[in-house]
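Structure first, commentary second.
The values are calculated or read from the model by the stated rules, or taken from the named source; none is laboratory data. This one's a predicted model, so the numbers in the text were calculated from it and none came from an experiment. Don't worry about glycine lacking a Cβ; one is built from the backbone with ideal geometry, like all the others, and counts go over all protein chains shown. Side chains are part of the model used for accessible areas, which takes the heavy atoms of the whole protein and leaves out ligands, DNA and RNA. Shrake-Rupley method; radii C 1.70, N 1.55, O 1.52, S 1.80 Å.
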Amino acid sequence: MQSPHPSRRRVLAGSLSTLATVGALASTASCAAPSAAASGRTGLRFWHLFGGGDGVNMQTMLDAFRTAHPDIDLEATTLQWGAPYYTKLGMAGAGGRAPEVAALHMARLAGFGPGRLLDPFDPDLLAEAGIRPADFPEDLWRRGHIGGRQYAVPLDTHPVVLYYQTDICRKAGLMDGKRLKPIKGTAEFTEALRAAKKVTGTAPLVTETLGPDCITPWRLFSTFYSQTGGTVLTSDGKGLALDDAKALRVLEYMAALVDEGLWRRRADYGAAVGIFNQGRTAFQLNGDWEVTTFRTGGIPFSMARVPALFGQRATTQADSHAFVLPHQRGRDIETDRAAYAFVAWMLKNSVEWAAGGHVPAYRPILSDPAYLALDPQSAYRDVIDDVVLDEPAWFAGSASRMWIELGEVFSTLLTGSRSPRQALSEAKHRLGLLLGTRNPLPGVAS
């Protein structure tokens, strides 16, 4: 994930209006892999959307791949995060002018036209490259499987996590050695926040609660609601499945924390990160990608999984960066082999990627000594089996309209302009509108 969020997410709101302008850009892409005949090398193009700290880590990995594969002429292109990236990738696939490999958020896969805008992976070539389904979390691998074919290979998962200031938590009696004491249930979490507030004298939990394209309130609702066992949409992503009682239980608890002064009411993304990075509060709930920011800031902090507040299982909202094969009108076997070699190498060398906070999807990395030495990045690695991605709808997933729409709704809950019941009613209304809207990507059936 790119950081900081505000600069990234401002591009999301125009997801429909960008289609016409990006279509013109897509038409300029070349139809085939870059020619490397003169050098005897195989050309390979990779499109991705990684900027900020992720971009630095990705560039390090790409340079290492080039060194390890002098026979492959890798051309990597970084495109604008969010709706512009997905629109351009969709247009390129629709026109058969796409790169050989691209990055895609897994939760966007179902709405991205598998079989039309994306080509499936060949199971024999996957096996030849050493990529086995057994080396990935079963649920995450299955999300890349549609219609009996594999369309996405996960690189990571990037969940909501709990950041905490170790010095503050120690003074509050919340530490067990170097780690936060286990917290289970809403009552224990509330008491932990109260203990921390006695130390800080201010709201001990800070998150993004407002601002343009504010999505954190949605991600937190989704995290807590998933722990109740509820789902937002039906399993096929085509119907509404919100359970009013479960949703209200979560929304009322979120509002109660704010009302008691345990959760800062008003902070945009930059302010929330800055407040925590200055050591002024005890906790922050956010995506795992801010680890680089806080390490650079030099504060004494660590990270943990989001506690199980609403059930026995500590599930958390997440998405997954994955590799896909954008649609091409004619695929070349040698270029395909280079693409599969690239995907396999990136998976097997993803310790560098994990330094940015993301949890590797390739299980052998989770026991790699180099990964285990990453602190605090490896401290929450077992969340890999408890991540919850959005149900498969075209409007869901990272950089999606659902995140923006529901982020705005639940922002008003946290800032006090909507009650829990009003927020739930408005969320259901907006989901209904999205469910009745056609996927705007070209080449995708309604």
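Output the direction-averaged projected area (hull surface divided by four) of the convex hull of the alpha-carbon atoms of region 245-320, in nm².
Averaged projected hull area, Cα only: 6.3 nm².
Between [x] 0.92; [y] 1.06; [z] 0.97, which entry matches Cα Rg over 2.2 N^0.38 Å as derived from the coordinates of this structure?
[z]
Dipole of the chain (Lys/Arg Cβ +1, Asp/Glu Cβ -1, origin at the Cα centre): which of Pro212, Ser398, Asn349 lies farthest to the positive side?
Selected residue: Pro212.
Can you tell me the order of 91-100, 377-386, 291-300 when each peptide is scored by its average per-residue count of other Cβ atoms within 10 angstrom, highest first? Could the numbers behind the result be given before it?
Details: 91-100: 22.5, 377-386: 18.8, 291-300: 16.5.
For the peptides 91-100, 377-386, 291-300, the packing ranking is 91-100, 377-386, 291-300.
Using +1 at the C-beta of Lys and Arg and -1 at the C-beta of Asp and Glu, which of Val324, Pro99, Gly407 has the Cα lying farthest in the positive direction of the dipole of the chain?
Value computed over the given set: Gly407.
Taking the alpha-carbon centroid of each part, what is the distance from region 263-329 to region 142-211 in angstrom?
If we compute the Cα centre of each part, the gap is 8 Å.
Where the centroid of each part is defined by its Cα atoms, how far is region 344-364 from region 398-433 in Å?
Using only Cα atoms to place each centre, the spacing works out to 34 Å.
Given Cα pairs under 8 Å that are at least 6 residues apart, what percent is the relative contact order of region 205-276?
51
Can you tell me the dipole magnitude for region 70-154 around its Cα centre, using point charges on the Cβ only (Lys, Arg +1; Asp, Glu -1), in Debye to the nearest 20?
On the way: 8 positive and 11 negative charges, 119 e Å.
Result for region 70-154 is approximately 580 debye, rounded to the nearest 20.
Run the simple label-point estimate for Ala187 and Arg266 please: 7 Å along Cα→C-beta, distance reported in nm.
3.5
Tell me the label-point distance for the pair Glu128, Thr60, using the 7 Å Cα-to-Cβ offset, in nm and rounded to one decimal.
3.2
His429: accessible area at probe 1.4 Å, nearest 10 Å²?
Rounded to the nearest 10, that gives 100 Å².
Any idea of the accessible area per residue across the chain, 1.4 Å probe, to the nearest Å²?
37
Where the Cα atoms of region 37-88 are projected onto their three principal axes, how long is each span, largest first, in whole Å?
For region 37-88, the Cα spread along each principal axis is 37, 23, 10 Å.
Normalised by the residues of region 67-222, what does the relative contact order come to in percent, with Cα pairs under 8 Å and at least six apart? Write down the numbers at each step before the final one.
Numbers: 82 pairs, mean separation 20.2, N = 156.
13 percent.
Would you count, across the chain, every pair of lysines whose alpha carbons are under 18 angstrom apart, provided the pair is eight or more residues apart or spans two chains? Don't skip to the end; give the middle numbers.
Values: Lys171/Lys181; Lys171/Lys197; Lys171/Lys198; Lys181/Lys197; Lys181/Lys198; Lys184/Lys246; Lys238/Lys428; Lys246/Lys428.
So the count of such lysine pairs works out to 8.
Normalised by the number of residues in the chain, what is the relative contact order in percent for Cα pairs under 8 Å and 6+ residues apart?
26
In nm, give the distance between the simple-model label positions of Thr437 and Arg142, each being 7 Å from the Cα along the Cα-to-Cβ direction.
Simple spin-label model gives 3.0 nm for this pair.
How much of the accessible area of region 275-423, in percent, comes from carbon and sulfur atoms when a 1.4 Å probe is used?
Carbon and sulfur: 47 percent of the exposed surface of region 275-423.
Which order do Ser235, Ser425 take by accessible area at a 1.4 Å probe, largest first?
The ranking, largest first, comes out as Ser235, Ser425.
Hey, with R₀ at 45 Å, roughly what FRET efficiency would Leu242 and Lys198 work out to, going by the Cβ-Cβ distance, to 0.05?
The calculated FRET efficiency here is 0.75.
Given the options Gln422, Met175, Gln150, identify the residue whose Cα lies farthest towards the positive end of the charge dipole of the chain (+1 on Cβ of Lys, Arg; -1 on Cβ of Asp, Glu).
Value: Gln422.
Would you please give the FRET efficiency between Leu372 and Arg170, computed as 1/(1 + (r/R0)^6) with r the Cβ-Cβ distance and R0 = 30 Å, to the nearest 0.05?
Step by step, r from the Cβ atoms, then E = 0.80.
Only four residue types carry charge here, +1 at the Cβ of Lys and Arg and -1 at the Cβ of Asp and Glu. Report the dipole size of the chain about the Cα centre in Debye, rounded to the nearest 20. Don't skip to the answer; put the middle values down first.
Details: 46 positive and 44 negative charges, 226 e Å.
About 1080 debye.
How large is the Kirkwood hydrodynamic radius of region 277-365, in angstrom, based on all distinct alpha carbon pairs?
One decimal place: 16.5 Å for the Kirkwood radius.
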